[in-house]
Amino acid sequence: MKPEPVTVATKGVVAVRPWKLAALAEVIGATLEGDGNLDIRGAAPLDRAGAHDIAFLSDPKYRAHLETTQAAAVILSPREAAAWATPRARLLAANPYAAYAKAANCLYPEPLPPTGVHPTATVAATAQVAADAVIGPHATVGEQAIIGARSVIGAGCAVGDHVTIGNDVRLHPRVVIYSRCVVGDRCVLQSGCVIGADGFGFANEDGRWIKIPQIGRVVLHSDVEIGANTTIDRGALDDTVVEEGAKIDNLVQIGHNGVVGAHAIIAGCAGIAGSVNIGKYCRIGGAAMIGGHLSIADGAIVAAATPLFSSIESPGMYSGVYPVQPHRQWQKNAVQLRQLDTLYKRVRALEKALAGETPATEEHEED
Amino acid sequence: MKPEPVTVATKGVVAVRPWKLAALAEVIGATLEGDGNLDIRGAAPLDRAGAHDIAFLSDPKYRAHLETTQAAAVILSPREAAAWATPRARLLAANPYAAYAKAANCLYPEPLPPTGVHPTATVAATAQVAADAVIGPHATVGEQAIIGARSVIGAGCAVGDHVTIGNDVRLHPRVVIYSRCVVGDRCVLQSGCVIGADGFGFANEDGRWIKIPQIGRVVLHSDVEIGANTTIDRGALDDTVVEEGAKIDNLVQIGHNGVVGAHAIIAGCAGIAGSVNIGKYCRIGGAAMIGGHLSIADGAIVAAATPLFSSIESPGMYSGVYPVQPHRQWQKNAVQLRQLDTLYKRVRALEKALAGETPATEEHEED
Amino acid sequence: MKPEPVTVATKGVVAVRPWKLAALAEVIGATLEGDGNLDIRGAAPLDRAGAHDIAFLSDPKYRAHLETTQAAAVILSPREAAAWATPRARLLAANPYAAYAKAANCLYPEPLPPTGVHPTATVAATAQVAADAVIGPHATVGEQAIIGARSVIGAGCAVGDHVTIGNDVRLHPRVVIYSRCVVGDRCVLQSGCVIGADGFGFANEDGRWIKIPQIGRVVLHSDVEIGANTTIDRGALDDTVVEEGAKIDNLVQIGHNGVVGAHAIIAGCAGIAGSVNIGKYCRIGGAAMIGGHLSIADGAIVAAATPLFSSIESPGMYSGVYPVQPHRQWQKNAVQLRQLDTLYKRVRALEKALAGETPATEEHEED
């Protein structure tokens, strides 16, 4: 079976809400140039947009597509618009990508399942579920849990006792929220994420590990997104906190007692050990690994695949990635890396020899 | 409680289909030497095989086991067979490991649960489920979804609206397939994997993140295997595609809009960012990390734990792994790595000094 | 919504079992100094403990908090106690952190749901479930499965056919145990973990992959903890084994046929390939990656984020982590790392030149 790539036909099942171009321009705060009466029925890349699609130009490397695009209208910066003579409608925005994001959200509103509690769901008698919330099939809602207005608990989710879920929250299928955790308004949790599992805390006694009860919570402030199969552990005594607007990708691990600052972004496969304080507006690259008890300054950027074992005091980008090479070249260089300290000493010895000194004593100082 | 290791007793509960050796040889395309009438009732390693087990020799380092094995028959290459005088039955095959794989599939067919929809499952009225498909307990099948012949939807799976699942597909328990995704014939999806969660796409406006609706799909072609808790994100506008025969291990992340080429293999914990094009027959090692928008040439090999941030234009093996050392040695070398560029300049200065030049000017050129 | 941090109010919903201080001292094996009649109703950090909380001092860097703490009693070493003149009650213990762990387990016993099989659970007729076990909502228990005394199978768990689960086991919601696996007494499995999915075994024939049936099991001995969304694959022919007391964090992958030694600890995001033998008492850091078929000596420590591709023969700590730097400095050093072998040769040439030799021939020996 080789399914066809996306076409109008396969995209036809996406729920689209059509807009008049003028209305769309107003809602996204863009300046309209052209026919505001056009019907917009979808979004598409510049090179494949059809007569009722809106497209956007954000990265100048796609500028050539402007000449051939069939889009009904294009969102772009005033500067790009000025350089493009065209009969097509345009929406001018200082930040075309953000304007496109708003337009796409207008065109493709998240479909809401019918409100109410599915007959197969298990909701504790003491839980408070808003009348216009959705509890999906086979979901479980624990004692004293609170589910806010218009929130959707997907199929098979497990919401523990005393959990509080705000308004307009979306839990995709099979999310687990352990007891007493808090999910703020408008959070989106993708499938399989686990919020509030026990932090990894054990005391060692004579070689054996004694579990430390993890009695803190996980608290997600509003507008947080959590990726599929990501895990965020509850605190040992304090809470683990994700502040408002932070976005966390798939398969990320956040250890107990940590804080993810407001509007920070953490890409997939990153691992954050316990008690890490990630500042506001930080950007943590995919598969970056951050050791325990560190602080990352507001706005700092940790490059993808970088292991970090000391705190970052000031913004800027920090990297620590082994450069890739064809295997045989890598092998030769790696051999030398294993004895780099020795090479350094040999260079110093050469410098001293050239200067007429003897290096022997200094070698001992080093060790 | 210390359970016994695998024994005939514990293996006794595995569903085994016995074969006559001659029939098995024919089915797997091997040349029989010896008694074709032998009953084969299981597979086992050479050194622990019993009188009704088949074993195989693929790696020459286990050759010594041939002398002592109690196996009913051994699959091996004609060359190894020629060097081994024995009264035991043998199956000669150019590729003994592949021949063993076929034999093991004959002996241990995947058990199929009883067909039909479990009474606790929730299947939408508009879904089309093949009469001989299996919908397990507490599974959910969405509106307009299609489930093909002999396919098994395990316990607690959530199959979204408009999903298409081909024939002979196996979804182990608790798999999630988001709406509109496509799963080709004979795919195997291990538990906990999440297919089609939203790609990680946000536009930044004044420090805040605006979600970009992810309206593409995930399309898995036929004969794909997806590991436990692996996540494959749906495309933003286009699809994310895994081509036929590709095999993906556990806890792998595949970002939106990517393509995994036919018969590629991706080992556990690998992270593939968005819009990556992995060629056919590629091999991506465990915990390798591939940055966004890259292309990997057909047949290229990325070593385990290698971070890759530039495209690979031609096949071959590529590595970028820090060499491990005892901690104290590592510390010394890492200190020097942090100032390697300076060491390089000192070497150049030495070269110039030996050649009678002054290095001072050039230092400035570098910065 | 910005929820308040943990307060007495939010912690009030935690199930606490109050203790007299003298009784607590006796149970945890500490020496009481002060009023044994005090009521202890919780645990808290030194600097935030209230009049009925117990606190502890393990790391000397928090010693200053002793002067201002409001804790009812403090657990600390005899040596720290001797240096602290105070009217407060103290519990003296050689290992204060372990003593605290025991005390916290007394104060915060894991709440047990009501025993019995939830009406929405699906339990096979041939399964044996202890009368005092708990089978949660929407859980599935397969044919011939055994669930031991006082064990809890959380909401939405899928326990396969012929699985054996010991006594006092805790499966949090949405755990999957594939058929025939074994879970020892007192194991704790966090949500989303997958035990016994197929190992990643394929034979290559002409570029295509043939699946090798994975007929071994996963066997977890007693007192093992498995983190959220961790995956442990079943063996190909042998078992994958986690020995008693080993603790494994979130999002860890353990490949088929491996052994994790008794009391070993593996931190989050670590990846262990197939057939790896991790010794007893080993410590594997977060995001460490261990290649296939290796052995790690008892008690060895692999640093976080370290990729390991050769066996470790003796205890000690092993590291292989790229040192992080501001991006621009990293770039310069990485460029030189890519040609480190050349730099080495240039140094050798310099040494020979200073000694009056010509290096040219030797360069050729290298390649």
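Bear in mind that the values in this text are calculations on the coordinates, not laboratory data. On a predicted model such as this, the values are computed, not experimentally measured, just so you know. In this analysis, Cβ positions are derived from the backbone assuming ideal geometry, glycine residues included, and neighbour counts consider all displayed protein chains.
Sequentially through the range C:160-176, phi angles give Karplus couplings (6.51, -1.76, 1.60; θ = phi - 60°) of x, 4, 6, 6, 10, 10, x, 8, 6, 8, 10, 9, 5, x, 6, 7, 10 Hz, Gly and Pro residues having no value and appearing as x. Taken one residue at a time, the phi angles of the range B:135-150 give Karplus couplings (6.51, -1.76, 1.60, θ = phi - 60°) of 10, x, x, 6, 7, 10, 10, x, 4, 6, 5, 10, 10, x, 5, 6 Hz. Gly and Pro are set to x.
Computed from the C-beta positions of residue C:208 and residue B:112, the FRET efficiency with R₀ = 30 Å rounds to 0.80. Taking the label point 7 Å along Cα→Cβ, residue A:206 and its counterparts in the other copies are spaced 6.3, 6.3 nm apart, in ascending order.
Less than 5 angstrom separates the built amide H of residue B:235 from those of B:216, B:217, B:218, B:240, B:257, all sequence-distant by 5 or more or on a different chain.
Rounded to the nearest 500, what is the 222 nm mean residue ellipticity of the protein assembly as shown from helices alone, with -39500 (n - 2.57) per DSSP H run of 4+ residues and division by all residues? Estimated from H runs of four or more residues: -4500 deg cm²/dmol.
Over all residues in B:136-148, what is the mean tally of Cβ atoms on other chains that come within 10 Å of each residue's Cβ?
4
Working note: Karplus 6.51/-1.76/1.60 with θ = phi - 60° gives the range B:260-266 the couplings 9, x, 4, 6, 6, 9, 10 Hz, where Gly and Pro are set to x. Where Lys and Arg each count +1 and Asp and Glu each count -1, what net charge lies around residue B:88 among other residues with Cβ under 12 Å from its Cβ? Net charge around residue B:88: -3. In percent, what relative contact order does the range A:116-318 have, based on Cα pairs under 8 Å that are 6 or more apart in sequence? Over the range A:116-318, the number comes to 10 percent. Distance check, please: which entries in B:247/C:280; A:211/A:247; B:332/C:280; B:352/C:345 exceed 26 angstrom between their Cα atoms? With Cα atoms farther than 26 Å apart: B:247/C:280; A:211/A:247; B:332/C:280. Modelled spin-label separation between residue C:37 and residue C:17, with each label point placed 7 Å from Cα along the Cα-to-Cβ direction: 2.5 nm. Distances, shortest first, from the label point of residue B:29 to those at the same position in the other copies read 6.3, 6.3 nm; the point lies 7 Å along Cα to C-beta.
The H on the amide N of residue C:264, modeled in the peptide plane, is under 5 Å from the matching H of C:246, C:247, C:281, C:282, each at least 5 residues off or on a different chain. Starting from the Cα gyration tensor of the protein assembly as shown, take the square roots of the eigenvalues, sort them a ≥ b ≥ c, and report rounded, prolate or oblate (rounded when a/c is under 1.5, otherwise prolate if a/b is larger than b/c, else oblate). Note, shape of the protein assembly as shown comes out rounded. Of all DSSP beta bridges confined to the range C:116-318, the antiparallel ones make up roughly 5%. Mean sequence separation of contacting Cα pairs (under 8 Å, at least six apart), scaled by the length of the range C:1-138, corresponds to a relative contact order of 21 percent.
Inter-copy label distances at residue C:78, using a point 7 Å along Cα-to-Cβ, come to 7.9, 7.9 nm with the shortest given first. Take each residue of peptide A:279-286, count the partner chain Cβ atoms within 10 Å of its Cβ, and average: the result is 3. Assign one of three labels to the range B:215-333, namely rounded, prolate or oblate, based on the Cα gyration tensor with a ≥ b ≥ c the square roots of its eigenvalues; rounded applies when a/c is under 1.5, prolate when it is not and a/b is larger than b/c, and oblate otherwise. Prolate. Taking every C-alpha pair closer than 8 Å and separated by at least 6 residues, the mean separation divided by the residue count of chain C gives a relative contact order of 6 percent.
Within the shell of other residues whose beta carbon sits under 13 angstrom from the beta carbon of residue C:269, the net charge comes to -2, with Lys and Arg scored +1 and Asp and Glu -1.
Taking the DSSP bridge list for the range C:33-170 and keeping only pairs wholly inside it, about 5 percent are antiparallel. Here the simple spin-label model places points 7 Å from the Cα toward Cβ, and for residue B:70 and residue B:331 these points are separated by 5.3 nm.
Quick check on the range C:293-334: take the gyration tensor over C-alpha atoms, sort the square-rooted eigenvalues as a ≥ b ≥ c, and tell me if it's rounded (a/c under 1.5), prolate or oblate. Because a/c hits 1.5 or more and a/b exceeds b/c, the range C:293-334 counts as prolate.
Averaging the Cα positions of each part gives two centres, and for the range C:221-280 and the range A:24-97 these lie 53 Å apart.
Residues whose amide H comes within less than 5 Å of that of residue B:208, counting only those at least five positions distant or on another chain, are absent (H built at 1.01 Å from N in the peptide plane).
Given Cβ point charges of +1 (Lys, Arg) and -1 (Asp, Glu) and nothing else, what value in debye, to the nearest 20, does the dipole of the range B:228-322 about its Cα centre take? Walk me through the numbers on the way to the answer.
Numbers: 4 positive and 8 negative charges, 45 e Å.
So the magnitude is around 220 debye.
Shielding by partners for peptide B:215-222, expressed as the average number of C-beta atoms from other protein chains within 10 Å of each residue's C-beta, is 5. Note on residue B:125 and residue B:79: the model spin-label points, each 7 Å out from Cα along the C-beta direction, lie 6.6 nm apart.
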